[in-house]
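Student: Here it is, the structure in full.
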Amino acid sequence: FYIYIFFSTLFFLFPLPVTIIIIINGFFFKELGFYISILQIIFGSVFLNLFSKKIKNIFNFKVSKKIKSKLSNLRKISENNFSIFLSRYLLPYFFHNIYYGLTKVKLLKFIIIVILSEIPLIFAFNSIGSSLNRISFDYSASVYTLFKDINFYIPFLIIFIVFALANYLDKKK
């Protein structure tokens, strides 16, 4: 158990797709997998955010005034709460954490927004993993049983709504 938690938490520190880990957490640990995934995301987000702030301080880049003014406009847009929330669905997890570590967004604000944006998807992916566990260990259950299970539809509905909303809002910008 501890070896799995250690290595799966390390997975959150690299530019790898973490969705599979969240589903596996749901598969093995059912409801507890949700809390494990939240803690792993918080740890990974804090670590990568602080790591990128540290790198930013070490490498103090000189930027021309023209580029600096364009970057300040981008920062103003990307540092509001809605942009942080929405970009969580549009940018890969790893790069999102690094990018916001390079901005002036306070760590506590960043983590709160990350948690709020991740709860629906973690719940959904964890529920999918838990449903897969049920059909893999219950030999009387089939794939058809999985599609009839409301606990399987609700997560897919959540994922669909979140991505449709993010896509709609991205196009509206």
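The values are calculated or read from the model by the stated rules, or taken from the named source; none is laboratory data. It should be emphasised that the depicted structure is a prediction, and the values quoted were computed from it without experimental measurement. Here the Cβ positions follow ideal geometry from the backbone for every residue, glycine too, while neighbour counts run over all protein chains shown. Just so you know, the surface numbers come from the protein's heavy atoms only, side chains and all, with ligands and any DNA or RNA stripped out. Shrake-Rupley method; radii C 1.70, N 1.55, O 1.52, S 1.80 Å.
Student: Do you know which residues across region 88-105 are open to solvent by 20 Å² or more (accessible area, probe 1.4 Å), in a helix (DSSP H, G or I) and either in contact with a helix residue (DSSP H, G or I) (Cβ under 8 Å, 6 or more places away or on another chain) or free of Cβ contacts under 8 Å to residues at least 40 places away in the same chain (or both)?
Tutor: Matches in region 88-105: Y89, L90, Y93, F94, I98, Y99, L102.
Student: Sort out which residues of region 13-35 are within 13 Å of the chain's Cα centre (by Cα) and open to solvent by less than 30 Å² (accessible area, probe 1.4 Å), and write them in order of number.
Tutor: L13, V18, I21, I22
Student: Yes or no: S83 surrounded by fewer than 13 Cβ atoms within 10 Å (Cβ to Cβ) and at pLDDT below 85?
Tutor: For S83, the condition - surrounded by fewer than 13 Cβ atoms within 10 Å (Cβ to Cβ) and at pLDDT below 85 - is not met.
Student: State which residue is modelled with the highest pLDDT when the search covers only region 44-73 and only residues that are part of a loop (DSSP other than H, G, I, E, B) and exposed (fewer than 10 other Cβ atoms within 10 Å of the Cβ).
Tutor: F59
Student: Also, quick follow-up: Under the condition of being among the hydrophobic types (A, V, I, L, M, F, W, C) and open to solvent by 20 Å² or more (accessible area, probe 1.4 Å), which residue from region 117-140 is modelled with the lowest pLDDT?
Tutor: The selected residue is F137.
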